[in-house]
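Notes to accompany the following structure.
The values are calculated or read from the model by the stated rules, or taken from the named source; none is laboratory data. Given the structure is predicted, the values throughout are model-derived calculations rather than measurements. We place every Cβ from the backbone using ideal geometry, glycine too, and count neighbours over all the protein chains shown. Side chains are part of the model used for accessible areas, which takes the heavy atoms of the whole protein and leaves out ligands, DNA and RNA. Shrake-Rupley method; radii C 1.70, N 1.55, O 1.52, S 1.80 Å.
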Amino acid sequence: MSDDLTIYLDNHATTRVDPRVLAAMLPYFSEHFGNAGSVVHAYGERAREAVADSRRAIAAAIGASPEEIVFTSGATESNNLAIRGVAERQRRRGDHLVSVATEHRAVLDPLARLGRRGYDVTLLDVAPHGRREAGLVDVEQFAAALRDDTVLASVMLANNEIGVVQPIAELAAACRAAGVLLHCDATQAVGKLPVDVQELGVDLMSFSAHKIYGPKGVGALYVRRTRPAVRLDAQISGGGQEHGLRSGTLNVPGIVGLAAAVSLCQLELSDEMSRQTKLRNRLWQRLSAGVAGVELCGPALDAVDAAGTPLRLPGNLDVAFGDVDGEALMLAMPDVAVSSGAACSSTDPAPSHVLLALGMTEDAARSTLRFGLGRFTTESDVEMAADAVIAAVAKLRGLAR
Amino acid sequence: MYNSRMLAPINLDHNATTPLLPEVAEAMRAAALDYPGNPASQHELGRRARRVLEDCRERIGELLGAQMGGMRADRVIFTSGGTESNNLALRGLLGPWVGGHHVATGPDAQLDLIVSAIEHPSIAAAADALAEQGARVARAPVDAKGQIQLAALPDLLARRPRLASLMLANNETGVLQPIAEAAALCGDAGVLIHTDAVQAVGKAPVNFAALGVDALTATAHKFHGPVGIGVLLVRSGVELAPQLAGGFQQAGARPGTETVALAAGMRTALDAWQQESAARTARLAALGQQLQTALLAELPDAIIVGAQAPRLPHTLCVACPGVDRQQLVISLDLAGVACSTGSACASGSSEPSPVLVAMGLPEAVISGAIRLSWGAATTPAEIAEAARRICLSVNQLRRQ
C-alpha cells in the first residue's frame, strides 16, 4: 500500500486485495490468457479449465452445484439480474415483490424501477433503533406480506451499515410455504459468516469478490437449479455464456481471484470471526468509555438468535456521536478511513436510508460513523483509531463550545 | 499428424482475446496494491482511487477521440466489457420501455432499430431479445465484399427508427465498414447511430469525433488490455437510459463499484497503442500480407473472404474449398496453431456463420472458412511457421 499511515476501517466499502489472491490471479494476466469461449484450441482450453475449477471451488464453499453459479461483473449486476430477471420472467404469475427498507441501493433501486413499470413493491420495516434486535426483520410480518401474486422476495443476509444478520432460513421457509422465490444479497456475508445455500434455503444469492479481499469487477449470482429450478430472463444478451443467463467474455483472472478469495475466507473463517468480534468489541468498549453520549446503531453486540448465533457481523460497528457531525469527524481524523452515515457515498448527499429506517432522526444519522474491521485490522489499529476518534470528538466539541 | 507437445504454439486467434502487454499486467498489479480504496468512499483512500479512475477515464476518452471536459463533454461510461456496452447502447439509446413499447420513437415511426446483418452476437442477440419484447428491428444488408450497403440505408431511415447500430469492423472477416458515411446519413435523418468498434480499436485508427457517431463500444481485452472492462462513449447531449440500477456511480448511468485496476489496465493498453499506432498498424498489415502470400503460393485455390474490401490489418478469413472448417481448426490445434471458425462465443457451433451467409457466399466457402488473427507481439517467423503448418494440414485433409 502506498500510505502506511492510514488505518483502514472501511472494509464494508471495499477491501484491499490479499497478496495471496493477487498471486493466484497473476498467471492469468500473462501465460494463461485465453478466451474461455474458445473451445477449439489449447489457449481457450486452459482458460476454461481455470473457470471450471473456480466455479467448483466457489460452489462447494456455499453448498451449491457448479452449474448454479453465474459469473457477473459484481454484486450490483447480480442483484439486478436476480430481481429484474425473475420479475420479468414471472410477471404472468404475479407482479408483487417483497423486500425490506434497509436493503442496499442495488436492491432497492431495481425494485423502485420495477415499481415505476407497474409492479407492486412492499418494503417491510425493521426493529427500531434502541432495541436489542434493531434492524431485524420480523418473520411473522414478513410471512403475512406474502400474497398469491407475490413472485419474489429479496432480503439481505447481513446489512452493510449496521451489520444485522437477518433470519434468512426462517424467511425462506415462509417463502417456500407461500410458493415465493427468495433472493438474498449476501455481499457482506459470504466469506465473513458460514453461508450455505441449502441451509439458508434461498433460491438466488448475490455476492462479490472485492468485499472479501478479491478484485473489483467480478461477482456471482447463485441460481437454484433443482427443487425448484429458478427461471429468470437474462439482462445482457450475446454469445450465450453462463447458460445464456449472462453473455460476455468471461473475466478469467477475476473469476480465479473470486475463487481464491472465497477459499481463503473459508479456510480462516472461524478464527477470523472470533478475532474480529474481539477487536470490534474492544473498539466499542474504548469509544463508549471515552466519548460521552455515544449510541450503538443496529443490534446489540451480544444479541443472539434462538440458536445462539450472533445477530451482528463480527467486524461491524456503527456508532452515533450525538452532537458531532459524522463528516466533520471524518475530516478531523484524516488518518482513519471509515465512512459516515451522513452520506452513502461521495456523490450522494442524502443521509443513510438504513439509519432513517431504524427510526433515527436525520441529525442522528448524520452523526454516525461506520467501522468495518477486516482481515488486516490489528489490535494496534483499533487502539489508534479509538484514540483518534476520541481526540477528534473532543476537539470538535471544544470548538463548538 | 503433428504432436502439439513438439511444436511451439502459435496464437492466431487474437480476435477472441489478446495476451496482456507486460506493462499492462504491471499497471494492474500496482494499481490493485496502491489504490485499494472504493472510488465512491469519502475518505482519502477513496478520493485517491477516484482521482486515478477519473484520470484513466479522461485519457481513454481522449485517445478514442471523445471530447473531454468543457460544456459539451462526451461521456465515457465504464462497463464490464463489449457485450455489456453493446447491450447498454441498444437498450439505453432506445430509451425506457413502457408496456412493451419504448417511449423514444416518435408516433410516425414504423421502425425502432436498424442493425446490420453481420453484427457480433452481443448486438444481434440483444436485437433479437428486443424484437421479442415488441421492438421493430430491421437488418441492413451487406454486399458480397462484406460491407454494409449504404444504398439500402435511406429507405430504412425513412421509416423513422430511433437508432441504428452498425459495427466499425467485422470480427470474422475484418472488413471495415463505411461508418462515417452511415453516420452522416443517420444524422440527416435524425436517427441516432451507435458503432461497435471492439475489433478496430488498437489495430486501426478510431476517432469518435471524426466518425460522427453518437455512441461507440470498445473493450480492453481485444487490444492487449484486461478482460472485464470496456467503455461506452456517448456523445454530449445524447440521452442514455441506465440499464443497471443501484447506486450513484458514473452519475447513475452505470452503477456498481468501479474498478481502478481494470481501468488502469485499459488505459495502459491504449497508451501503448497510441505510442506506436502507425507502426503497429503497418506491422500487423505486413504480417497479413506475408500470411496471405504464403497461403496463396501453396494453396492457389484458397479464397480470401472480403478480399475486395478494405480490411483490418490483423484479420484474415480464408476458405480452402473442399476442406471442412471444423476439421481444419481441430487439425491446426493439434499442429499448434490456435485459430477459430468464427466468434469465440459461437465456437464449436456447427451452425454456418451468419456473417458469411449474409454476404451471400457460396456454400463451399461458408463451410470452409477459418479466421486467422494476430497481435502486437506476433513475429514474421511465427507467421511463416503458421503458414507452413496450415498448408500441411489443408493438404493432409485433402488427401484423406
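A compact table of results
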| item | result |
| --- | --- |
| Projected label distance in nm at B:L334 and B:D128, using a 7 Å step from Cα toward the beta-carbon | 3.2 |
| 20 Å binning of all Cα-Cα separations within chain B, expressed as whole percents from 0 upward | 27, 55, 17, 0 |
| Descending Cα extents along the principal axes, the range B:197-260, whole Å | 36, 28, 16 |
| Estimated FRET transfer efficiency (B:L33, A:L331; beta-carbon r; R0 30 Å; 0.05) | 0.70 |
| Estimated dipole of the range A:19-261 in Debye, rounded to 20 [Cβ of Lys and Arg +1, of Asp and Glu -1, Cα centre] | 360 |
| A:H243 versus A:Q198: modelled label distance in nm, points set 7 Å from Cα along the beta carbon direction | 1.7 |
| Rg to Rh, two decimals, where the range B:150-233 supplies the alpha carbon set and Rh follows Kirkwood | 1.00 |
| Farthest toward positive dipole pole in the protein assembly as shown [+1 Lys/Arg, -1 Asp/Glu at C-beta], among B:N170, B:I303, A:A320 | B:I303 |
| Average accessible area per residue (Å²) across the range B:5-150 - probe 1.4 Å, nucleic acids and ligands excluded | 38 |
| Most mobile listed residue (B:A319, B:A278, B:A117) in chain B, GNM with C-alpha springs under 10 Å | B:A278 |
| Tail weight of P(r) past 35 Å, computed on alpha-carbon pairs of the protein assembly as shown, percent | 48 |
| Choice from B:S277, B:S165, B:S373 showing the highest fluctuation, given a GNM over chain B with Cα pairs closer than 10 Å | B:S277 |
| 0 to 90° range, to nearest 10: angle between helix A:168-178 axis and chain A longest Cα axis | 50 |
| Buried area at the B-A interface (accessible, heavy atoms, 1.4 Å probe, summed, Å²) | 4900 |
| Projected area averaged over orientations for the range B:209-342, convex hull of C-alpha atoms, nm² | 12.0 |
| Using alpha carbons only: equivalent-ellipsoid semi-axes of the range A:19-261, gyration tensor based, whole Å | 32, 20, 14 |
| Positive-end residue, chain A charge dipole about Cα centroid, Cβ charges, pick of A:G130, A:H183, A:A169 | A:H183 |
| Cα-based convex hull, the range A:125-176, per residue volume (Å³, whole number) | 80 |
| Protein-protein interface of the range B:211-230, residues with accessible area decrease of at least 50 Å², isolated chain reference, 1.4 Å probe | B:V227 |
| From phi via Karplus (6.51, -1.76, 1.60), per-residue ³J(HN,Hα) for the range A:293-305 in Hz, x at Gly/Pro | x, 7, 10, 7, 9, x, x, 4, 5, 9, 6, 10, 8 |
| Rough spin-label spacing in nm, given labels placed 7 Å along Cα→Cβ, for B:A109 and A:R225 | 3.9 |
| Solvent-accessible heavy-atom area per residue, rounded to whole Å², over the range A:250-401 at 1.4 Å | 40 |
| Cross-link pairs B:K145/B:K203; A:K211/A:K395; A:K192/A:K216 - those with Cα-Cα distance over 28 Å | A:K211/A:K395 |
| Summed side-chain charge close to B:T379 - residues other than B:T379 whose Cβ falls under 10 Å, Lys, Arg +1, Asp, Glu -1 | -1 |
| Computed [θ] at 222 nm, deg cm²/dmol, chain B (DSSP H ≥ 4; -39,500 (n - 2.57); rounded to nearest 500) | -12500 deg cm²/dmol |
| Highest-fluctuation residue, A:L296, A:L204, A:L182 considered, GNM on chain A with Cα pairs under 10 Å | A:L296 |
| Computed lengthening from A:K395 to A:V304, 0.36 nm per intervening residue step minus Cα-Cα distance | 29.1 nm |
| Full-stretch length increase - B:L296, B:A241 - with 0.36 nm per residue and alpha-carbon distance subtracted | 14.9 nm |
| Given charges at beta-carbon only (K, R positive; D, E negative), |dipole| of the protein assembly as shown in Debye | 840 |
| Rounded percent of accessible protein surface that carbon and sulfur make up, chain A, 1.4 Å probe | 52 |
